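No lab work stands behind these numbers, since they all come straight from the coordinates. Owing to the predicted nature of the structure, the values given are computational and were not obtained by experimental measurement. Note: ideal-geometry Cβ built from the backbone for every residue, glycine included; neighbour counts use all protein chains shown.
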Amino acid sequence: MDPILITALVVGFLGGVHCLGMCGGVVGTLTFSLDSKVQASWWRMLPYQMAYNLGRISSYVLIGALFGFLGASIGSIATFLPIQQGLQVVAGLFMIALGLYLGGWWFGIVVIERVGQVVWKKIAPYTKRLGAVKTIPQAWLYGLIWGWLPCGLIYSMLIMAMSSGSAMDGALIMFAFGLGTLPNLLLMGVFAFYFTKLAQNRWVRRFAGISVISMGIWQLYLAFSVSV
């Protein structure tokens, strides 16, 4: 597997602590919107949770393709390598900032997420038009909208997708990232209470923070080593 896809997968998994904290309310809302008989059985609930998350990942793939195409378009205007290196540096810095946030050491990235709230406020009202979730395709549509929730973790991956140089590679990076986030959010939908407490554990957050910071530093190393 391509190292950049492995990085996206691992960052998605380790950053799942952030996902649990930020998306906990969304997961809870989607879970409790299901029929009471479905809620009473994790086996019945699982297909709906899968549909929610596959819809979310579908959004990531679409956005990743768009950013990859944008990066390729910019690269066709000028020499691509310096632009690609610049984007890799920005992606690495985003990951470091996110790691500091996860560990509870610095919260500057929250400002960027607040900017993204503007986009979310325009998209969120569409969920009301879907009504209560009664079918799996309807759950997928909810997930498709959920994927546009503003998140610093997603932003760092989108910059990486932009630096990939093609729509296909950008889509693959976001797909790998989405798969990395799947275990945490899928299990949270079924065992919401336990995983919410896990996301609040100081040592879990610090471990995730240090790991993501390490990924960011590695991304910076890769960016600068190209010119050496």
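Val204 to Lys134: extension gain in nm, 0.36 nm per residue of separation minus the Cα-Cα distance?
Between Val204 and Lys134, full extension yields an extra 21.7 nm.
Report the gain in length on full extension from Arg44 to Ile217: 0.36 nm times residue separation, minus Cα-Cα distance, nm rounded to one decimal.
Full extension of this stretch gives 58.1 nm more.
Highest first, please rank the peptides 103-112, 156-165, 51-60 by the mean number of other Cβ atoms sitting within 10 Å of their residues.
Numbers: 103-112: 13.5, 156-165: 27.4, 51-60: 22.3.
The peptides rank, most packed first, as 156-165, 51-60, 103-112.
Tell me, what is the FRET efficiency for Asp2 and Leu93 to the nearest 0.05, using R0 = 22 angstrom and their Cβ-Cβ distance as r?
Details: r = 22 Å, r/R0 = 1.00.
So, using R0 = 22 Å, E works out to roughly 0.50.
Arranged from highest to lowest average of other beta-carbon atoms within 10 Å per residue, in what order do the peptides 136-149, 174-187 appear?
The densest-packed peptide leads the list: 174-187, 136-149.
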